[in-house]
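The values are calculated or read from the model by the stated rules, or taken from the named source; none is laboratory data. It should be emphasised that the depicted structure is a prediction, and the values quoted were computed from it without experimental measurement. We place every Cβ from the backbone using ideal geometry, glycine too, and count neighbours over all the protein chains shown. Note: accessible area is taken over every heavy atom of the protein model, side chains too, but ligands, DNA and RNA are not part of it. Shrake-Rupley method; radii C 1.70, N 1.55, O 1.52, S 1.80 Å.
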Amino acid sequence: EREPSELEQFYQGFWPELIAELQLDDTSQPMPKSLGKVGNIFFMLPPGRGGSWVTVYFYQQSQEVGVFLTFPRGALADEIYQKLSLQREEIDRELGIDVAWEANDGKYKIACRKRFPELRDAAYREDIKAFFKDVINRYINIFRPRLEKIDDEI
């Protein structure tokens with residue numbers, strides 16, 4: 001077994017630290033199961049059957065971090081995204097942050113992104129964590145109840 005790279009070590013330290021500090025308003029939301037040495041983690045959301053999740057990620061190439069809601073491709077994703085799209089104005093207002101609604105060849109994302117000069121620089125660590133904690137909590141608060149309702153309807 002090889003030693004983790006510097007980047008893998010960064011993620012192995014960052015994700016557990018973020019989750020330890022993360023305080024969600026919805027305390028019933030399950031935390032990510034895997035906090036590995038990769039640049040993303042996932043919060044599973046309704047509907048069941050792997051219907052939706054919030055991805056929290058680092059994109060090193062563009063010095064970007066972000067949070068997005070997405071779904072697997074297919075009829076279920078089409079239906080979920082359509083139902084959420086009907087509430088877009090209300091969702092955008094409740095989120096209170098800039099988000100991009102993206103539909104590309106059956107793949108959907110509702111994303112919030114932010115750039116930093118250097119993602120692994122300790123000078124930006126607290127700001128990145130603050131961004132993640134704020135946006136994750138907003139996404140769980142706004143999308144989870146809607147997705148539960150949609151799950152009940154389908």
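With 24 Å as the limit, write out which pairs from 83/129; 83/133; 83/107; 37/114; 107/149 have Cα-Cα distances beyond it, or answer none. Before the final figure, lay out the partial values.
Working: 83/129 31 Å; 83/133 26 Å; 83/107 15 Å; 37/114 21 Å; 107/149 21 Å.
As for pairs spanning more than 24 Å Cα to Cα, those are 83/129; 83/133.
As an exercise, identify the GluC sites (Glu not before Pro) in the range 87-154 lying in DSSP coil whose Cβ has no more than 16 other Cβ atoms within 10 Å. Could the numbers behind the result be given before it?
Values: sites: 89, 90, 94, 102, 118, 126, 148, 153; in loops: 118.
Taking the range 87-154 and a limit of 16 other Cβ atoms within 10 Å, the loop GluC sites (Glu not before Pro) found are 118.
Using Cα-Cα distances under 8 Å and only pairs 6 or more residues apart, what relative contact order does the range 1-70 have, in percent? Walk me through the numbers before you get to the answer.
Numbers: 79 pairs, mean separation 14.7, N = 70.
It comes to 21 percent, rounded to a whole number.
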Calculated [θ] (222 nm, deg cm²/dmol) that DSSP helices of n ≥ 4 give over the chain, each run adding -39,500 (n - 2.57): -14500 deg cm²/dmol
Ignoring ligands and nucleic acids, what accessible area does residue 88 show with a 1.4 Å probe (Å², nearest 10)? 100 Å²
Built amide H within the under 5 Å cut-off of residue 108, gap 5+: 71
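Which whole-number percentage describes the relative contact order of the range 12-154, with Cα contacts under 8 Å and a sequence gap of 6 or more?
Details: 197 pairs, mean separation 36.6, N = 143.
Answer for the range 12-154 is 26 percent.
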Find the relative contact order for the range 57-136 and round it to a whole percent, using C-alpha pairs within less than 8 Å whose residues are 6+ positions apart. 40 percent
Using a Gaussian network model on the chain with a 10 Å cutoff between Cα atoms, which of 134, 26, 121 fluctuates the most? 121
